[in-house]
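Step one of this worksheet: look at the structure below.
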Amino acid sequence: MGNMIDIICALCGEKQQIKTLYPSTFNEKMISKSTYSARRFPDKIHYRIVKCQNCSLVFSSPVLPPGKISMLYKESVCNYKEQIPYLIKTYLNIIKKIKSDIAENPKVLEVGCGNGFFLKALLDCGLTKEVFGVEPGSKMVLHADEEVRSRIKVNFFKQNLFPKSTFDLILCFHVLDHMIDPNEFIKGAFSLLKKNGYVVVVVHDTEGLSVKLFGERSPIFDIEHIYLFNKKTLSEIFLKNKFKVVKIFNLVNNYPLNYWIQMSSFPLVVKRFAKSVTNILGIGKIGFSIPAGNIGIIAKKASFTNT
């Protein structure tokens, strides 16, 4: 494992004081491109999970080198098609919170847009006519709808992919916690936004229901997640990078009951029994709304810096 690299606290830097929460369960032989494809089932594989004693930020360290991680994400595929309608509904509800505040026909960028399903949804609902995406998984982009495919850059997010002050709204759903340097993304978003533009980010919550119920067995502790936030640390990292925090909130997800069961960390025998019962009762495909442990932030590129 000599090629692993150390990660430091994105808030405290070299002043960090860390303690180990969970030792590593990582084995490089267990890693494949399917491991880095979104919304797979919990596999209990994670790096060493540490917590900064100064600021409470949780992160993985050491991790695979950036080049190896990049290669794995480039080969990732979309394996969450059944959840897409539910994701669209959830994310559109977030956009509605700021719809009256953003520009008419806003220019929108989604970072880590997968197969572009939400970009298409934004066009279909008439919120905007200008959408753009960034996604490293070339196979996912190939499956994007023709209306949005040409608007997606097959790449990792970099500030120089677009001119400065281009966008009214930047979206980043369950991607920030996968980044080796979240500050780089937030600075890039600040640069690419127009004055009074908004960024919306959704991540997992280290103080959410999933962690409280399952601890280390929570699916948020996995090989893809490098930084993990709570409301305090998520707010602080945006304030650190000159944003004004407009709102930070719990996200209530709606998925079929069988999906919630599958994504839980209950023993396999319990999952099988629960799913057989829900199928017999005919409720396995009914949508249930649960605040399972995701949080969102809406931040604004204000005309003044935070004090």
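The figures follow:
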| item | result |
| --- | --- |
| Matching option when the condition is part of a helix (DSSP H, G or I) and over 22 Å from Ser165 (Cα atoms), among Val202, Val269, Val252 | Val269 |
| Any chance Tyr86 is of a type in the set (Phe, Trp, Tyr), within 20 Å of Glu224 (Cα to Cα) and surrounded by fewer than 21 Cβ atoms within 10 Å (Cβ to Cβ) | no |
| Of residues in region 116-157 being aromatic (Phe, Trp, Tyr) and in contact with a Ser or Thr (Cβ under 9 Å, 6 or more places away or on another chain), the one surrounded by the most Cβ atoms within 10 Å (Cβ to Cβ) | Phe132 |
| Failed criterion for Tyr47 (all others in (1) in contact with an Asp or Glu (Cβ under 7 Å, 6 or more places away or on another chain); (2) surrounded by 19 or more Cβ atoms within 10 Å (Cβ to Cβ); (3) part of a loop (DSSP other than H, G, I, E, B) hold) | (1) |
| Identity of the residue in region 89-108, in contact (Cβ under 8 Å) with a residue 12 or more places away in the chain and open to solvent by 30 Å² or more (accessible area, probe 1.4 Å), that ends up nearest to Leu122 (Cα to Cα) | Leu92 |
| Cβ pairs under 6 Å, 6+ apart, first in region 147-161 and of a type in the set (A, V, I, L, M), second surrounded by 15 or more Cβ atoms within 10 Å (Cβ to Cβ) and outside any loop (DSSP other than H, G, I, E, B) | Val148/Leu119; Val148/Lys120; Ile152/Gly133; Ile152/Glu135; Ile152/Val141; Val154/Val141; Leu161/Lys153 |
| Exclusive hit being more than 22 Å from the chain's Cα centre (by Cα), loosely packed, with under 13 Cβ neighbours inside 10 Å, modelled with pLDDT under 85 and basic (Lys, Arg), set Lys271, Lys285, Lys275 | Lys285 |
| Residue count, region 160-202 (criterion: open to solvent by 30 Å² or more (accessible area, probe 1.4 Å) and of a type in the set (Asp, Glu)) | 2 |
| Matching strands (runs of 3 or more DSSP E) fully within region 76-162 where at least 3 residues are over 22 Å from Asn294 (Cβ atoms) | 130-135, 152-154 |
| Residue count, region 174-199 (criterion: over 22 Å from Gly13 (Cβ atoms) and assigned to a loop (DSSP other than H, G, I, E, B)) | 2 |
| Subset of region 235-253 [touching a helix residue (DSSP H, G or I) at 6+ places or on another chain (Cβ under 8 Å), closer than 25 Å to Asp222 by Cβ and open to solvent by less than 30 Å² (accessible area, probe 1.4 Å)] | Ile237, Phe238, Leu251, Asn253 |
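The values are calculated or read from the model by the stated rules, or taken from the named source; none is laboratory data. In this text, all values refer to a predicted model and were calculated from it rather than measured experimentally. When we count neighbours, we look across all protein chains shown, and the Cβ atoms used for this are built from the backbone with ideal geometry, even at glycine. To get the accessible areas, we keep the full protein, side chains included, count just its heavy atoms, and leave off ligands, DNA and RNA. Shrake-Rupley method; radii C 1.70, N 1.55, O 1.52, S 1.80 Å.
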